[in-house]
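Structure, as structure tokens:
The values are calculated or read from the model by the stated rules, or taken from the named source; none is laboratory data. Since this is a predicted model, take the numbers as computed values, not measurements. Please note: Cβ atoms are built from the backbone with ideal geometry, for glycine as well, and neighbour counts cover all protein chains shown. Surface areas here come from the heavy atoms of the whole protein model, side chains and all, with no ligands, DNA or RNA. Shrake-Rupley method; radii C 1.70, N 1.55, O 1.52, S 1.80 Å.
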Amino acid sequence: MATYTVGQLAALAHVTVRALHHYDERGLLTPSARTAAGYRRYSERDLERLQQLLFYRELGFPLDQIAGLLDGETDPGVHLRTQRRLLTERIARLQAMVSAIDRTMEADGMELKLKPEERFEVFGDFVPEDHEAEAQARWGSSPAFGESQRRVAQYTKDDWLRLKKEAGDIVEGLAAAMRAGVPADSVQAMDLAEQHRQHITRWFYDCNYEIHSGLGEMYVADPRFTSHYDASAPGLAVYLRDAILANVRRAGA
């Protein structure tokens, strides 16, 4: 059976000779043999014990507790299962920490790059941040939400004003068509619904037909969206929803 000097074992395990001496003094890793001159000689079994020791050390266990773990169980299979469980738990904790950091970074990135007077010019009395928590809860896990956050964080005042005008023109076009009695499933209304979908894609996230149909239903189901559209023309939220669904059918989606 192969044996190792203290220097050879230190090199194999990437630890210092001083650390091996310390483990010996603490009774954690006593060499299986010594030469006639008193030099330490470590066996393959000692190497395995050192690997287990270093694993628990890496996980942050104190030396006294490691001694109990190593001496309380000699079956390598039990140690492996214990180590796997500890690693899995640690990975889960680290993943949770990464997710928390990501959410913090995204929240920091959401700060709109507008001066107070510019914010008022763009949003008036509406405060976007007041709705961030709800948006995060409803859509925070979706790629579309993350993409929208990344985009809007970079918009200037001019970007927001262009976005606002474009959205207003689409809503006004829909309201005018509804007032004129144009059916929601007409080519004119469907074209306006398509402009609405492309507007979202251009400024916020890739709004496919499935997402757009879901938004249409939300405009009718959520009183806040309904009142927003109906402020331009009573019944506009339902008209827009119907035009969106007709456009989805036209696209064969």
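Pick from SER227, SER213: which is free of Cβ contacts under 8 Å to residues at least 60 places away in the same chain, open to solvent by 30 Å² or more (accessible area, probe 1.4 Å), part of a helix (DSSP H, G or I) and among the hydroxyl-bearing types (Ser, Thr, Tyr)? Steps first, answer last, please.
Numbers: SER213 fails: open to solvent by 30 Å² or more (accessible area, probe 1.4 Å).
Checking each option against the conditions leaves just SER227.
Residue by residue through the range 6-42, note down the ones that are small (Gly, Ala, Ser), out of contact with any helix residue (DSSP H, G or I) (no Cβ under 9 Å at 6 or more places or on another chain) and modelled with pLDDT of 90 or more. Don't jump to the end; show me each part of the working.
Just the residues of the range 6-42 that are small (Gly, Ala, Ser), to begin with: 7, 10-11, 13, 19, 27, 32-33, 36-38.
Imposing the further condition that a residue be out of contact with any helix residue (DSSP H, G or I) (no Cβ under 9 Å at 6 or more places or on another chain) reduces the set to 11, 33, 36-38.
The answer is ALA11, ALA33.
Taking the range 47-90 as the region of interest, how many residues are closer than 23 Å to THR3 by Cβ and under 36 Å from the mean Cα position of the chain (by Cα)?
Residues in the range 47-90 being closer than 23 Å to THR3 by Cβ and under 36 Å from the mean Cα position of the chain (by Cα): 6 in total.
Within the range 193-210, work out how many residues are open to solvent by 20 Å² or more (accessible area, probe 1.4 Å) and of a type in the set (A, V, I, L, M, F, W, C).
Kept after step one, since they are open to solvent by 20 Å² or more (accessible area, probe 1.4 Å), are these residues of the range 193-210: 194-195, 197-198, 201-206, 208-210.
Narrowing further to those that are of a type in the set (A, V, I, L, M, F, W, C): 203-204.
The number of residues fulfilling the criteria is 2.
Among the residues of the range 21-53, what is the count of those that are closer than 23 Å to LEU80 by Cβ, surrounded by 16 or more Cβ atoms within 10 Å (Cβ to Cβ) and not hydroxyl-bearing (Ser, Thr, Tyr)?
8
Here are some conditions: (1) outside any loop (DSSP other than H, G, I, E, B); (2) over 27 Å from GLU147 (Cβ atoms). ALA243 meets all but one. Which one does it not meet?
(2)
Just one of the numbered conditions (1) in contact (Cβ under 8 Å) with a residue 12 or more places away in the chain; (2) open to solvent by 40 Å² or more (accessible area, probe 1.4 Å); (3) among the acidic types (Asp, Glu) is not true of ASP158; which one?
(1)
For the range 196-253, what are the residues that are at pLDDT 90 or above and of a type in the set (Lys, Arg)?
Residues satisfying the conditions are ARG197, ARG202, ARG241, ARG249, ARG250.
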